[in-house]
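Below: one structure, written as structure tokens.
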């Protein structure tokens, strides 16, 4: 709901640094987003170009510097869901250049025992084409 709210504002607000450390639970077990240091308002149809965020959660278009919109938050949510279900980062590698390469080529492997509906949702959030997320 938090992302839906941010993305429904006029102008839209993109968080650009979704990761476990920036998701909190309050005393009533409600999810709260924090650390809006990289957040940016953008008009509908516009894109941002600043390279920012945390490597393992960056969308391919952010790495390429080709302009990005709120779909980078959807990508990061897909990475978070993968981590929550598997206990592993989908694109982690020994070197940063390997991680960026895996992200840009969307090289990830799902465990065989992952729920098909969860896999389908993560697949949709981690599409290379931002307009398809």
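Readers should treat all values here as calculations from the given coordinates under stated rules, not as data from a laboratory. Quick caveat, the model's predicted, so the values are computed rather than measured. Every residue, glycine as well, gets a Cβ built from its backbone with ideal geometry; the counts of neighbours run over all protein chains shown.
Some notes on this structure:
- Gain on full stretching of the segment that runs from residue 43 to residue 88 - 0.36 nm per residue minus C-alpha separation: 12.7 nm
- Where labels lie 7 Å past Cα in the beta-carbon direction, separation of residue 21 and residue 101 in nm: 2.6
- Footprinting exposure proxy for 85, 18 (fewest neighbouring C-beta atoms within 10 Å first): 85, 18
- Gain on full stretching of the segment that runs from residue 117 to residue 5 - 0.36 nm per residue minus C-alpha separation: 37.9 nm
- Ranked packing of 31-37, 67-73, most packed first, by mean Cβ within 10 Å: 67-73, 31-37
- Ranked by the mean number of other Cβ atoms within 10 Å per residue, highest first, peptides 125-133, 75-83, 20-28 order as 75-83, 125-133, 20-28.
- Mean Cα-pair separation over length for the range 1-120, i.e. relative contact order, pairs under 8 Å, 6 or more apart, %: 22
- Using all pairs of distinct alpha-carbon atoms, the Kirkwood hydrodynamic radius of the chain works out to 15.3 angstrom.
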